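Colleague: Sharing a structure, written as structure tokens. Questions coming.
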Amino acid sequence: MKLILGMGLTGLSVARFFKSQPVSYQVADSRQSPPLLDTFIAEGLAEDCQLGSWRENLLEGVEEIIVSPGIAMSEEIVIWAKEKNIPLVGDIELFSRYANAPIIGISGSNGKSTVTQLVGEMGLASGKNTAICGNIGIPVMDVLADDVDLYVVELSSYQLDYTNSLDLLAGLVLNITPDHLDRYPNFEAYIASKISLYPYCQNKVINLDEDATSEIVWDCCFGLDKSNQECEFRVETERGVTTFFSKSEVLFSSEDLKIVGKHNMSNVLAALTLGHLAGLSNKAMTQAASDFKGLPHRLEWVVNMDGVDFFNDSKSTNAISTITAINALSESYPSLVLIAGGIAKKEDYSAMFELIGEKAEAVVFIGEAAESFALSITGCVVEIAQSMEQALSIAKCYASSGAILLSPACASFDMYDDFNARGEDFKRLLSQ
């Protein structure tokens, strides 16, 4: 008997897969009314189901547990399972057992979704039936198919925590900055979770600009600031224009791209390197990079209104990501108004506060962290709003030109279900 812990999207995808095999299983969730409960029932996936607080007798007769990534390793049910030596795996490991095509795995604190999507689109442009999946939003078990040529999988640290066996053609940890410290005891534990990806890789790819992976014995590398002759792809920047090379061959420049910012130039280098390892042609990758518009809620241009460009960066839920967004737009806009705030994470925001004071014309804070964040800013106008609508109204007062950027640096759960809902609300208000 298999046990599926967690009745979210991951648990649903695993239950659907087990039913199709068929494999005997039961499902459980610590919540009395999981949001997807009706779907489980409608599809006949909850015939053996336990809801509410974890109980140890749930483990009786269980030979393997598939754990959803949202369930921390510190939860009682996980501890009980370890004491009973019941194997714990995530959907990523389960997926790897059945996948018949090469897998590229991408992790990192920031930018991993962008790189995952871009590598996937490069694969599609090369004529490969490419599945883009994982933490990016599509569960891996939902895309398993015999006709897939290439899997491009975004991997979170939570998913890696429950992975013990995985076969990757190539893997990359793009960068590591403090995040999820409410789940990990310290930053070192978070780093260890991220770099646990590398033992599963046939080709270990590292970012030479990332110190946390500098000790990895790598097979391929890239670097925006650091580079060496062994890099298959490199860049040269002159007068604000970044040119991309494959060895000595010019591919394209930043002026040919629709995405902006130094961080995105690094993301493109990462995608080119991974795509090359998957056998994709430079021609197809160049075309895909030129066509790529970026992902929703990730420094997404929304509209120009009265001479002001509005950007939705709701996915930025930590300080480093917001710092990256501010720096990216500051390269192009002489005036910038920031909307930020939400539920603060356990991280050092001081560098972000300093940058806001230096680069922003004004900042409008929302959410639970608004008052404490406001007290930390000097050098620019600081306002507090009670809603996104009010924040936009205030921001427009200070932005006669330039850009208005929503980049919260915080979680969204004080005001919204998730960062997607927050970003959609921002865009909805701008469409009225």
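Colleague: Residues to consider are Gly120, Gly105, Gly111; find the one that is modelled with pLDDT under 95 and either in the same structural domain as Ala189 (by TED's automatic domain parsing) or acidic (Asp, Glu) (or both).
Modeller: Sole residue among the options that is modelled with pLDDT under 95 and either in the same structural domain as Ala189 (by TED's automatic domain parsing) or acidic (Asp, Glu) (or both): Gly111.
Colleague: Inside region 391-402, can you point out the residues that are in contact (Cβ under 8 Å) with a residue 24 or more places away in the chain and either in contact with a Cys (Cβ under 6 Å, 6 or more places away or on another chain) or among the polar types (S, T, N, Q) (or both)?
Modeller: Answer for region 391-402, where residues must be in contact (Cβ under 8 Å) with a residue 24 or more places away in the chain and either in contact with a Cys (Cβ under 6 Å, 6 or more places away or on another chain) or among the polar types (S, T, N, Q) (or both): Ser400, Ser401.
Colleague: Can you list the helices (runs of 4 or more DSSP H) found entirely within region 35-130 that contain at least 1 residues being more than 30 Å from Ala271 (Cβ to Cβ)?
Modeller: Per the criteria, 37-42, 76-83.
Colleague: Would you confirm, using the coordinates I've provided, whether Gly52 is modelled with pLDDT of 95 or more, more than 24 Å from Glu93 (Cα to Cα) and either of a type in the set (Gly, Ala, Ser) or touching a His at 6+ places or on another chain (Cβ under 8 Å) (or both)?
Modeller: Yes, satisfied.
Colleague: Considering only region 171-179, I want to know if a residue exists there that is touching a Phe, Trp or Tyr at 6+ places or on another chain (Cβ under 6 Å) and under 25 Å from Glu75 (Cβ atoms).
Modeller: Yes: region 171-179 contains one or more residues that are touching a Phe, Trp or Tyr at 6+ places or on another chain (Cβ under 6 Å) and under 25 Å from Glu75 (Cβ atoms).
Colleague: Of these, Gly342, Gly379, Gly275, which one is on the phi > 0 side of the Ramachandran plot and in contact with a helix residue (DSSP H, G or I) (Cβ under 7 Å, 6 or more places away or on another chain)?
Modeller: Working: Gly342 fails: in contact with a helix residue (DSSP H, G or I) (Cβ under 7 Å, 6 or more places away or on another chain); Gly275 fails: on the phi > 0 side of the Ramachandran plot.
Unique residue meeting the criteria: Gly379.
Colleague: Hey, does region 383-398 have a residue that's in contact with a Pro (Cβ under 8 Å, 6 or more places away or on another chain), within 15 Å of Asn312 (Cα to Cα) and not acidic (Asp, Glu)?
Modeller: No, every residue in region 383-398 fails to be in contact with a Pro (Cβ under 8 Å, 6 or more places away or on another chain), within 15 Å of Asn312 (Cα to Cα) and not acidic (Asp, Glu).
Colleague: Further, regarding this structure: Quick one: in region 285-326, of everything that is charged (D, E, K, R) and part of a loop (DSSP other than H, G, I, E, B), which residue is surrounded by the most Cβ atoms within 10 Å (Cβ to Cβ)?
Modeller: Asp313
Colleague: For residues that are farther than 11 Å from Pro139 by Cα, in contact with a Pro (Cβ under 6 Å, 6 or more places away or on another chain) and not in a loop (DSSP other than H, G, I, E, B), tally how many sit in region 1-20.
Modeller: Number satisfying all stated conditions: 0.
Colleague: Take the conditions under 27 Å from His180 (Cβ atoms) and touching a helix residue (DSSP H, G or I) at 6+ places or on another chain (Cβ under 6 Å) and apply them to Ile92. Does it pass? First the steps, then the outcome.
Modeller: Working: under 27 Å from His180 (Cβ atoms): yes; touching a helix residue (DSSP H, G or I) at 6+ places or on another chain (Cβ under 6 Å): yes.
Yes.
Colleague: Across region 238-261, what is the total count of residues that are without any contact (Cβ under 8 Å) to a residue 24 or more places away in the chain and either surrounded by 14 or more Cβ atoms within 10 Å (Cβ to Cβ) or over 19 Å from Thr324 (Cα atoms) (or both)?
Modeller: The total comes to 11.
Colleague: Looking at region 211-226, I want the residues that are farther than 21 Å from His276 by Cα and in the same structural domain as Lys262 (by TED's automatic domain parsing) and have a partner that is in a loop (DSSP other than H, G, I, E, B) and among the hydrophobic types (A, V, I, L, M, F, W, C) with Cβ atoms under 7 Å, at least 6 apart or on another chain. Which pairs are those?
Modeller: Filtered contacts from region 211-226: Ala212/Ile176.
The values are calculated or read from the model by the stated rules, or taken from the named source; none is laboratory data. Keep in mind it's a predicted model, so treat the numbers as computed, not measured. Glycine also receives a Cβ, built like all others from the backbone with ideal geometry; neighbour counts cover every protein chain displayed.
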